[in-house]
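Take a look at the structure below.
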Ligand code: DAH
């Protein structure tokens, strides 16, 4: 056995260490065979020898583990120095990436509006009923609350279902004129091909003295924005309903996948819905104590704009951190 310990201590590489391991505690190893021979011994002797053998095996295994680690790190070191990696060397093959598609899209949206003079605002993710609903003309028991499957906490707190509460916070904190956008995370109890429980929106709000801002301005800004995002597409405003705007509209672009011929993505309509907007409802102004003002607001889903502009089919892939998706960008 001493010879085995000696061989172990003087092993020079992991291959020879492995053969020492096999020769000692492998299936037909020295120690293993000694254990096997125990059977034929008388009881008293068997106990004593077994004890010695167990001590030997423990010691062998302990020293083996230490030696293994020592040799492995030595070998790693010598491979690395043999390969001669120069980490300061510029890698011509490295690809430039746009980063995560969601951040890329969000930043692109922010870029457009900040260049148009919109201020960047933020608000809390945990909201209360007042800011998320009632001040936005969605009083308790209003059926439109159903449109937004909400995560509630116990005490009037909830995860914001949209970025619209930041309109309320901004109006309460500032005086008109206001011209802001608010990008951020939003939450709803939804999970399928086109919905995830956490998603991103960008909200926009412009308020000025009564009569200064009109639907025409809103239309111009959003049309310019959609051309910036999607290039040469047709844009249409479709009359719709949101509690916080009156009149309200949903905005569609001509389908970027089939050029309006009709395909699965646009449900054969030739149009893709991309955002909601309208003139701020008087009840919203009343809730924040504003008088003699007019304004417009809009809201859009970043995931949706990202999927349409980069041609990504399944929204869930944004959150699966699969490098195969990220590498494409
Ligand atoms: N908050 C709406 C939603 O989450 C989006 C929206 C629509 C925001 C119209 C607006 C708006 O400011 O005017 O579905």
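Of the strands (runs of 3 or more DSSP E) contained entirely in the stretch 156-225, those carrying at least 3 residues that are in contact (Cβ under 8 Å) with a residue 40 or more places away in the chain, within 12 Å of the ligand (Cβ to nearest atom) and under 16 Å from residue 285 (Cα atoms) fall at 198-209. Just the residues that are touching a residue at least 60 places away in the same chain (Cβ under 8 Å) and in a loop (DSSP other than H, G, I, E, B), please, taken from the stretch 233-283. 243, 244, 281 - these are the residues of the stretch 233-283 that are touching a residue at least 60 places away in the same chain (Cβ under 8 Å) and in a loop (DSSP other than H, G, I, E, B). Selection of the stretch 4-55 for residues being touching a helix residue (DSSP H, G or I) at 6+ places or on another chain (Cβ under 7 Å), loosely packed, with under 14 Cβ neighbours inside 10 Å and closer than 22 Å to residue 75 by Cβ yields only 13. Among the residues examined, residue 231 qualifies as at positive phi and away from the ligand (no atom under 14 Å from the Cβ). So, residue 127, is that one at pLDDT 95 or above, under 24 Å from the mean Cα position of the chain (by Cα) and more than 27 Å from residue 241 (Cβ to Cβ) or not? No.
Scanning the stretch 133-155 for residues that are crowded, with 17+ Cβ neighbours inside 10 Å, assigned to a loop (DSSP other than H, G, I, E, B) and at pLDDT 90 or above yields 133, 137, 138, 150. Given the criteria touching a strand residue (DSSP E or B) at 6+ places or on another chain (Cβ under 7 Å), closer than 25 Å to residue 303 by Cβ and at pLDDT below 95, does residue 165 qualify? It is false that residue 165 is touching a strand residue (DSSP E or B) at 6+ places or on another chain (Cβ under 7 Å), closer than 25 Å to residue 303 by Cβ and at pLDDT below 95. Within the set 61, 44, 18, 33, the sole residue that is touching a residue at least 24 places away in the same chain (Cβ under 8 Å) and in a helix (DSSP H, G or I) turns out to be 61.
The values are calculated or read from the model by the stated rules, or taken from the named source; none is laboratory data. This is a predicted model, so every value here is computed, not measured. Ideal geometry is used to build each Cβ from the backbone, glycine not excepted, and the neighbour counts take in all protein chains shown.
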